[in-house]
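Single-structure report; data block below.
The values are calculated or read from the model by the stated rules, or taken from the named source; none is laboratory data. Given the structure is predicted, the values throughout are model-derived calculations rather than measurements. As a convention, Cβ positions derive from the backbone with ideal geometry for all residues, glycine included, and neighbour counts pool all protein chains shown. Keep in mind that these areas ignore ligands, DNA and RNA; they rest on the heavy atoms of the full protein, side chains included. Shrake-Rupley method; radii C 1.70, N 1.55, O 1.52, S 1.80 Å.
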Amino acid sequence: MVQFSTDRLDASFAALADATRRGVLERLGSGEASITELAEKFHMTLTGMKKHVGVLEHAGLVTTEKVGRVRTCRIGLRGLEEEAAWIEARRQIWNARFDALDDVVEALKRKEKVDGSQGE
């Protein structure tokens, strides 16, 4: 079984749990932006946006670079492959469970049909 880094998954999912942070990632997908630009786009204070960017940066989803007084943000170098693999493993488990449930339902329907036709 594939081993996943718990700390990395925790940081990534915590970062992705917030709609603003997901929005920041979407925005940065089309190009770099300063903290000020991001704060304006999301109608929040610079301090609030710095906190959001900090969470994304901690998760490795965003990198920042300060040049003079401007801190520029861009999408991080790592992708979400490990997170996607973790989700895919859970999806396979749930699909197997739903398939087993479908088998039970079909067996019950067949039994009901047989029992119903014997009663006539």
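Of all the residues in the stretch 65-94, those that are within 16 Å of Arg21 (Cα to Cα), open to solvent by 30 Å² or more (accessible area, probe 1.4 Å) and modelled with pLDDT of 90 or more number 2.
Please find, within the stretch 17-48, the residue that is surrounded by the fewest Cβ atoms within 10 Å (Cβ to Cβ) out of those that are hydrophobic (A, V, I, L, M, F, W, C) and touching a residue at least 24 places away in the same chain (Cβ under 8 Å).
Met44
Among the candidates Thr6, Thr47, the residue that is among the hydroxyl-bearing types (Ser, Thr, Tyr) and modelled with pLDDT of 90 or more is uniquely Thr47. For the stretch 101-120, what are the residues that are among the small types (Gly, Ala, Ser) and either surrounded by fewer than 10 Cβ atoms within 10 Å (Cβ to Cβ) or in contact with a Phe, Trp or Tyr (Cβ under 6 Å, 6 or more places away or on another chain) (or both)? Answer for the stretch 101-120, where residues must be among the small types (Gly, Ala, Ser) and either surrounded by fewer than 10 Cβ atoms within 10 Å (Cβ to Cβ) or in contact with a Phe, Trp or Tyr (Cβ under 6 Å, 6 or more places away or on another chain) (or both): Gly116, Ser117, Gly119.
In the stretch 1-15, the residue that is farthest from Thr72 (Cα to Cα) out of those that are touching an Asp or Glu at 6+ places or on another chain (Cβ under 8 Å) and either open to solvent by less than 60 Å² (accessible area, probe 1.4 Å) or of a type outside the set (A, V, I, L, M, F, W, C) (or both) is Phe4.
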